[in-house]
Every structure is written in C-alpha cells, then in structure tokens.
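For reference, the structure is listed below as structure tokens.
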Amino acid sequence: MTAAGKDLIGRSMRGVLENYRKGKISLEEAEELILGYLCIGEEAKFDLDRTKRRGVPEIILAEGKAEDDVVEIARGVYQRIGALIVSRVTPRLAQKLKKLGKCRYEERARIVVLKGADTPKRYGSIGIISAGTSDIPVAEEARIVAEEIGCEVVKSYDVGVAGIHRLFPALKEMRERKVDIIIVVAGMEGSLPSIVAGLVDIPVIGAPTSQGYGYGGGGKAALMSMLQSCSSGLVVVNIDNGVGAGMAAALISKACHTASQRRDRQR
C-alpha cells in the first residue's frame, strides 16, 4: 500500500474517495479502505479498522494455522499498515517472519512484533504480577501487548502465595508509581489474584495459567478459584490468555489517562 493509503487507514470514506479521485491511491487500495478489511487469499480477512474502532490492534494468532498462511497474512498486513503483532509463534516461524521487515521476537512470550520506527503514544501505566516463574510466559504476553498499545508496565514476577511476603514490596512499588490496574497471572490453585484484589483500590485482572498438577490441572482449578473469588474488583480472562489480559488492562489504563487529561484541560 502507498504512503497515502497507509495514512488513510481509519479515516472517513469521503477522504478515501477524494484521494482516489486525485490519484493518490489505487482502486484496490480504495476498495480495501472502504470495506475496512483486507482480503488475503482465501485464508483471511484482516480488520484494518480495529485500532480506530477499539483502540487496540488486530493480532494474528499463529497457533492452529499453517506457517505459510501466517507468513502470507503477515506479509499482506505489514505491507499495508507497517505494523503487526503475531502471537503464539514458534522459533521456526519467527525466523520466517523476520524476513518480512523490522522484527522483534520475544521467545518467552512467543510473540513477534513487526513495525517501523514509530513508538506508540503513552497512555498511563499498568502493573503485572506473576505468582510463579512458570507463569511468566503468559505475563510477558500481556506485557508486550500492553506496551505496544501504549502503556508503561511495572512488573514483578514470582511473588506467589508460597512466600507471600514477596508480594508486598511489589505492591508498594505499584502504588508509588500509580498504576491504573494490575494483572495477576497465576496457575496451580490460582489464589494470588484474590489476595491482591483484597489489598488494592484499583481493578485487578486475574489471568489463570495452565500450570498445575493432576486433578484440576491445565488451569481449571486456577480459573474456578478466580471466578469464585470473594474479593471485589477482580475480573478474569480465560486460561493462558495473556493477550486478552494485556488488551483489557491497556484499554482501562488508556481510559483513565484520557479522563485525567480531560479534567486537567477543564481546570
């Protein structure tokens, strides 16, 4: 897509038609921009307007897709908008995606970020806590998504209930840095989010992970524990859903930041 076409993504239909009339964009580009999605073969229809509509980017989930399909989707999107996140990426797939352009592979989080030199505008901050070291991949998935949307992240890992004294310095730092929301990632019995939600005056997102033994393993015990929490202000995403937790936290933080800016302008 031309530079003019990229600049028009998310803008009005009138602007698209005017730029087509002036010859700044092709008929194909105009059609894509009016439809609001990009057709890539028979495999995908990529949402071009999600960032404008929801304030979060479209993210390609690589898991369950053929590697060649992921590469083709990523190539088509990257050529048109110059930025892309791909989640659940294997090291082999990451090597293929690196050929498309400027690429960062976060192996622990299994995420690839393809983008140009632009950095996102900052929208406030969130905290991320993991109960155990084995929960860090999901926490890192949430961190990268939140940072790419535009949030500062304050993180503290391996502070779970087996040594609960480790938690309090982390919460102290997050209070001092005035985070808007905290994501708590936990497997096993999943009790840490309930504890955190009972100690802070901001929303908490519980992210259960599939870490755990035997009966109730695979994240089921952690999910049920979080859903049954008696601590108010705790909401829960699905098992291993770091992407969803990061997006939700970033949207809340962005809303807080926007409201704060509005109040400042009114004073």
Exercise for the section: Working only within segment 197-221, note down all residues that are surrounded by 14 or more Cβ atoms within 10 Å (Cβ to Cβ), closer than 29 Å to residue 255 by Cβ and out of contact with any helix residue (DSSP H, G or I) (no Cβ under 7 Å at 6 or more places or on another chain). Expected result: 197, 198, 202, 219
Exercise for the section: With respect to residue 56, determine if the residue is at pLDDT 85 or above, within 22 Å of residue 240 (Cβ to Cβ), assigned to a loop (DSSP other than H, G, I, E, B) and not assigned by TED's automatic domain parsing to the domain that holds residue 253. Expected result: no
Exercise for the section: For segment 86-109, name all the residues that are under 30 Å from residue 204 (Cβ atoms) and buried (at least 22 other Cβ atoms within 10 Å of the Cβ). Expected result: 86, 89, 109
Handout entry: Out of 109, 142, 94, 146, sole residue that is of a type in the set (Gly, Ala, Ser), out of contact with any helix residue (DSSP H, G or I) (no Cβ under 9 Å at 6 or more places or on another chain) and at pLDDT 90 or above
Key = 94
Handout entry: Filter pass, residue 197 being free of Cβ contacts under 8 Å to residues at least 60 places away in the same chain and touching a strand residue (DSSP E or B) at 6+ places or on another chain (Cβ under 8 Å)
Key = yes
Handout entry: Sole residue being out of contact with any strand residue (DSSP E or B) (no Cβ under 7 Å at 6 or more places or on another chain) and surrounded by 14 or more Cβ atoms within 10 Å (Cβ to Cβ), chosen from 80, 75
Key = 75
Problem - Selected residue (criterion: modelled with the highest pLDDT) from residues of segment 59-90 that are in a helix (DSSP H, G or I) and more than 21 Å from residue 148 (Cα to Cα) - result: 67
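The values are calculated or read from the model by the stated rules, or taken from the named source; none is laboratory data. No experiment lies behind these values; they were computed from the predicted model shown. A quick note on method: Cβ atoms are made from the backbone with ideal geometry, for glycine too, and the neighbour counts reach across all protein chains shown.
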